[in-house]
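Report on the structure given below.
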Amino acid sequence: MPTLSVRLIQCSLAYLVLGFTIGALILFNKAIHVIPFVWTLLQMHIEFLLLGFILQLTMGVAFWIFPRIQTTSDRGDVRKTATAFVLLNAGIWICSIAPFIPISYILLSGRVCQTAAVIFFIHNLWPRVYAFGKY
Ligand code: HEM
């Protein structure tokens, strides 16, 4: 497995653990109201599990298993996926801490990072999407 896939998948599993832990704390607090501020972590719970775990795991596996580029037999310009990795995680953390920072447009800046990450990743993967043989 390429190193970049290892990093993407390791990060996604770390987000799974963190996201589940926050979810469990919120769920526990619904029954026994001991940690009132835990609801401010709901945004973080969603960012960690939807983007940090599900999207990043998908990116890691796709980067690994998609066919190599026909002409060069490599994975193309992997710097684009490395940039996507950095932008995605920056966006996840910016959006996760946005509820605690009273600066306007901070959530938007996080979303811009996440969107740019997806665009960089698709740009790297696109030449690797092709049909084998005649069909
Ligand atoms: C991959 C797995 C998961 C994903 C993608 C996920 C995603 C979400 C999303 C999108 C919401 C917001 C729902 C809404 O606003 O209506 C939410 C809320 C919540 N999640 Fe998760 N979640 C996951 C797993 C878990 C787990 C494992 C737990 C607990 C152990 C958990 C506990 C909660 C709680 C307590 C809420 C608040 C529900 C409420 O508003 O009353 N989640 N989750």
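The values are calculated or read from the model by the stated rules, or taken from the named source; none is laboratory data. Keep in mind it's a predicted model, so treat the numbers as computed, not measured. Counting neighbours? That spans all protein chains shown, and the Cβs are built from the backbone with ideal geometry, glycine included. The accessibility values were calculated without ligands, DNA or RNA, using every heavy atom of the protein model including side chains. Shrake-Rupley method; radii C 1.70, N 1.55, O 1.52, S 1.80 Å.
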Exercise for the section: Output the residue which, of all residues in region 99-131 that are among the small types (Gly, Ala, Ser) and modelled with pLDDT under 95, is farthest from the chain's Cα centre (by Cα). Expected result: 131
Fill in the blank from the handout: Taking region 47-74 and the residues there that are of a type in the set (S, T, N, Q) and away from the ligand (no atom under 16 Å from the Cβ), the one that is nearest to residue 8 (Cα to Cα) would be 73
Exercise for the section: Return the residue satisfying two criteria in turn: it lies in region 10-29 and is open to solvent by 80 Å² or more (accessible area, probe 1.4 Å) and near the ligand (Cβ under 6 Å from one of its atoms), and of such residues it is nearest to residue 119 (Cα to Cα). Expected result: 20
Fill in the blank from the handout: Of those in region 15-33 that are touching a residue at least 24 places away in the same chain (Cβ under 8 Å) and hydrophobic (A, V, I, L, M, F, W, C), the residue farthest from residue 68 (Cα to Cα) is 22
Fill in the blank from the handout: Within region 52-87, the residues that are buried (at least 20 other Cβ atoms within 10 Å of the Cβ) and in contact with a Gly (Cβ under 8 Å, 6 or more places away or on another chain) are 52, 53
Exercise for the section: Restricting attention to helices (runs of 4 or more DSSP H) lying wholly within region 46-135, give those where 2 or more residues are among the charged types (D, E, K, R) and within 23 Å of residue 2 (Cα to Cα). Expected result: 79-97
Handout entry: Flag if residue 41 is open to solvent by less than 80 Å² (accessible area, probe 1.4 Å), under 23 Å from residue 110 (Cα atoms) and out of contact with any strand residue (DSSP E or B) (no Cβ under 6 Å at 6 or more places or on another chain)
Key = yes
